[in-house]
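**Q** This is the structure I have questions about; it appears just below.
The values are calculated or read from the model by the stated rules, or taken from the named source; none is laboratory data. Since this is a predicted model, take the numbers as computed values, not measurements. Positions of Cβ are generated from backbone atoms using ideal geometry, with glycine treated the same way; all protein chains shown enter the neighbour counts. Areas reflect the complete protein model, heavy atoms only, side chains present, ligands, DNA and RNA absent. Shrake-Rupley method; radii C 1.70, N 1.55, O 1.52, S 1.80 Å.
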Amino acid sequence: KKKTMDSHIWIIYLIATTTNAVLWYIQWQFGLILSILLLLSFYYSVQKEKTRIKETEEYIAALSHRIQKVGDEALLKMPFGIILYNEDYEVEWANPYMKDLSEEPSIAGVSLNEFSEKLIPMIKEEKDEIFVELKDHKFQVIIRKDERLLYFLDRTDQIELEELYQKDQTVLAFIYLD
């Protein structure tokens, strides 16, 4: 919870109050007028600061809600797969992209071996990434062992393009005959 006013505002009002006290001593009529103006100014400052704090909190709450909504939507509609797995290497959660790659209606509880025989050994070897093939797609799998998280990035087009490039390379040869 933020204070109503910052310390520099309090210092300004302390200086104004001290000046007002001196003015009361010298000429009480001006001191009275300055006291009334000082009180009105203080009341106005407190109200403005409360309004500013309230507007800032509302803005942050609205922004936070929007960010969470976008994050949730992005997580579910990303064009790559995400799998969270448990200690037994079984799927705990998967985004819809990964569910579309499986014949099962729900892949929760399914062993990672169902996707590829390479996954569990590579996770145990503490590899950061591997390539696997699922349903005629070639995926780069990024492994986050600490979070028990797998990212499946479809690299089918990229790999096919690389293979095509390798096959279509120009080869030069020099033949010397005697």
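**Q** Round to a whole number: what % of the accessible area of segment 33-74 belongs to carbon and sulfur, probe 1.4 Å?
**A** 65
**Q** Just tell me which aspartates and glutamates come within less than 16 Å, Cα to Cα, of Lys135; anything on the same chain fewer than 8 places away is out.
**A** Asp100, Glu103, Glu104, Glu114, Glu117, Asp154, Asp157, Glu160
**Q** In the neighborhood of Glu103, defined by Cβ-to-Cβ distances under 11 Å, what is the net charge if each Lys or Arg adds +1 and each Asp or Glu adds -1?
**A** -1
**Q** Could you provide, to the nearest whole Å², the per residue accessible area of segment 6-132 with probe 1.4 Å?
**A** I get 74 Å² per residue for segment 6-132.
**Q** Would you please name the chymotrypsin sites (Phe, Trp or Tyr not before Pro) within segment 56-111 that are DSSP coil residues with at most 16 other C-beta atoms within 10 Å of their C-beta?
**A** Loop-located and lightly packed - Phe80, Tyr89.
**Q** What does the net charge come to around Leu134 if you take all other residues with beta carbon closer than 14 Å to its beta carbon, with K and R at +1 and D and E at -1?
**A** Counting the neighbours of Leu134, the net charge comes to -3.
**Q** Moving on. Helix check for the chain. Which DSSP H runs span at least 27 Å along their own axis by Cα, with a mean Kyte-Doolittle hydropathy no less than -0.5?
**A** Numbers: long enough: 7-26 (29 Å, 1.20); 28-77 (72 Å, 0.05).
Span-like helices here: 7-26, 28-77.
**Q** How big is the charge dipole of segment 38-128 about its Cα centre, in debye rounded to the nearest 20, if each Lys and Arg gets +1 on its Cβ and each Asp and Glu gets -1 on its Cβ?
**A** 920
**Q** A follow-up question, please. Run the helix sum for the chain: -39,500 (n - 2.57) per DSSP H stretch of 4+ residues, divided by residue count, reported at 222 nm to the nearest 500 deg cm²/dmol.
**A** -18000 deg cm²/dmol
**Q** Which listed residue (Leu172, Ile120, Phe152) has the Cα farthest towards the positive end of the charge dipole for the chain, taking +1 on Lys and Arg C-beta and -1 on Asp and Glu C-beta about the Cα centre?
**A** Phe152
**Q** Given +1 on the Cβ of Lys and Arg, -1 on the Cβ of Asp and Glu, and no further charges, what dipole in debye does the chain carry about its Cα centre, rounded to the nearest 20?
**A** 2000
**Q** Report, to the nearest whole %, how much of the accessible area of segment 81-131 belongs to carbon and sulfur atoms, 1.4 Å probe, protein only.
**A** Values: 1330 of 3020 Å².
Carbon and sulfur together cover 44 percent of it.
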